[in-house]
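The values are calculated or read from the model by the stated rules, or taken from the named source; none is laboratory data. Note that the structure is a prediction, hence the values are computed from the model and not measured. Glycine also receives a Cβ, built like all others from the backbone with ideal geometry; neighbour counts cover every protein chain displayed.
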Amino acid sequence: MSIPLLYTLRSLFVRRSATALTVLGIGATVAIFAGVLALQQGFVSMLTSGGREDVAVFLRPGATGETDSQFRRDLGLKLIKQTPEIVQGESGPLASMECYFAALKPRMDGGSVNVPMRGVQPTTFAIRGDEIRIVEGRNFTPGADEVIVGSKLTNRIQNCRVGDVLQLNTTPYRVVGVFEHDGGFASEVWGDLDRFLATLDRYGPNRVIAKLAPGTVIGDPQAEGGAAPGSLSARLADDTEVPAKVMSEKQFLVTQTRMLGNVLQNLGLALAFVMGIGAVLTAINTMLSAISSRTSEIGILLSIGYRPLPIFLAFFIESVVLCLLGGVAGCLMALPFNGIETGTMNGNTFSEVAFAFRVNGTVLSSAVTFSLVLGVLGGLWPALRACRMKPTEALRRA
């Protein structure tokens, strides 16, 4: 015979004070776990959401990112001219050279952080199209000491509003506009490539971006054994004149999220482990208290013919339901975090990046799964203890 589910649910209601306290305790643990995951999802989503498969990123061979990639300007021009896969626009190839660096700037709330600076050519805006949206002021004039600022920086970094002057080395740059972008560019300052190179006394750009013709096979240089033979990546890796490491923009952005993304994910797992121990002990204590107060009921059930397995399942399911309620409570506690903006240093670029918490389906499903694990671990021992009681001993204790 199986014990009715209503018996299990009724027990939770009868002990509503203990149930409520346990649900809140487990909910707090789940909420913290979900909050760290939301932070990780927000960072990864912010960077990768702007990645495109039809835009290629060309770096120096062996480079892991923009910061350690640099080549001569003439080689960049040669690369653009000798790559037939690049789409031709009205005024030439849809390709642009860009420089990238980080400048230490004061924050609004005190302290200083490295702010990403990007020098671009006019073709960058042709490639980006509507991705870059000027929401205040105007775009910078090519060749002028002017910059436009990402919308996520205006309230975080000093001198980043329209009309302010941003000092780079000894050159003052006038902020003439604010732009929005759905990805990481919203945390950057953009200016003219040639003026930035002159200001920094650099000999060339950090990367080339280009729009590729439909059907182009880029390949993955990060794959084991290298890119597939015949792909653009494989061909340029073996080029004797202008060797380059090439990947799609989406592939490139994924590589730039690995360090911080893994740190946040591991932090969430570490917190889940430490706080999960406390939550499991809480669930065990609650279930042991329930068994202690219902010893006579267990004795009666065993006496009238219920086998140990149904009794085990009844108390085990009660623990799982209890922790599931805690998981739902934790998800509800985590929902207000969604959309809250924060910032941290990206370990791949050593610069500040602003992003928002993202409580999505992945976060919520992981939180509920975590609460289920807590319920299973917290219910095993009490359920085993209940089903191993002998009828006479259980009735005698009552």
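Here are a few things to note about the model shown:
- Residues of the stretch 130-153 satisfying the condition of being among the small types (G, A, S) and under 11 Å from H181 (Cα atoms): G150, S151
- Condition met for G184 (in contact with a helix residue (DSSP H, G or I) (Cβ under 7 Å, 6 or more places away or on another chain), buried (at least 22 other Cβ atoms within 10 Å of the Cβ) and without any contact (Cβ under 8 Å) to a residue 40 or more places away in the chain): no
- Pairs are defined by a Cβ separation below 8 Å, a sequence spacing of at least 6 or placement on different chains, a first member in the stretch 334-351 that is on the phi < 0 side of the Ramachandran plot and of a type in the set (D, E), and a second member that is at pLDDT below 80 and surrounded by 15 or more Cβ atoms within 10 Å (Cβ to Cβ); the pairs so defined are E341/A354; E341/F355; E341/A356.
- Taken together, the criteria place A103 among residues that are in contact (Cβ under 8 Å) with a residue 40 or more places away in the chain, surrounded by fewer than 21 Cβ atoms within 10 Å (Cβ to Cβ) and small (G, A, S).
- When V254, V242 are screened for being modelled with pLDDT under 80 and among the β-branched types (V, I, T), only V254 passes.
- Leading residue by the ranking (modelled with the lowest pLDDT) among those in the stretch 45-63 that are surrounded by fewer than 16 Cβ atoms within 10 Å (Cβ to Cβ) and within 30 Å of E341 (Cα to Cα): S49
- Qualifying residues in the stretch 204-217 (those that are out of contact with any helix residue (DSSP H, G or I) (no Cβ under 7 Å at 6 or more places or on another chain) and assigned to a loop (DSSP other than H, G, I, E, B)) - the one modelled with the lowest pLDDT: G215
- Meets criteria (surrounded by 18 or more Cβ atoms within 10 Å (Cβ to Cβ) and assigned by TED's automatic domain parsing to the domain that holds L39) for L288: no
- Residue in the stretch 140-177 that is modelled with the lowest pLDDT, counting only those that are closer than 30 Å to I80 by Cα and under 30 Å from the mean Cα position of the chain (by Cα): G150
- One residue from V217, V263 being within 33 Å of the chain's Cα centre (by Cα) and in contact (Cβ under 8 Å) with a residue 24 or more places away in the chain: V263
- Only one of the numbered conditions (1) crowded, with 16+ Cβ neighbours inside 10 Å; (2) out of contact with any helix residue (DSSP H, G or I) (no Cβ under 9 Å at 6 or more places or on another chain); (3) under 22 Å from E53 (Cα atoms); (4) polar (S, T, N, Q) is violated by S96, and that is (2).
- Considering the stretch 328-375, the residues that are among the aromatic types (F, W, Y) and under 29 Å from A63 (Cα atoms) include one that is modelled with the lowest pLDDT, namely F350.
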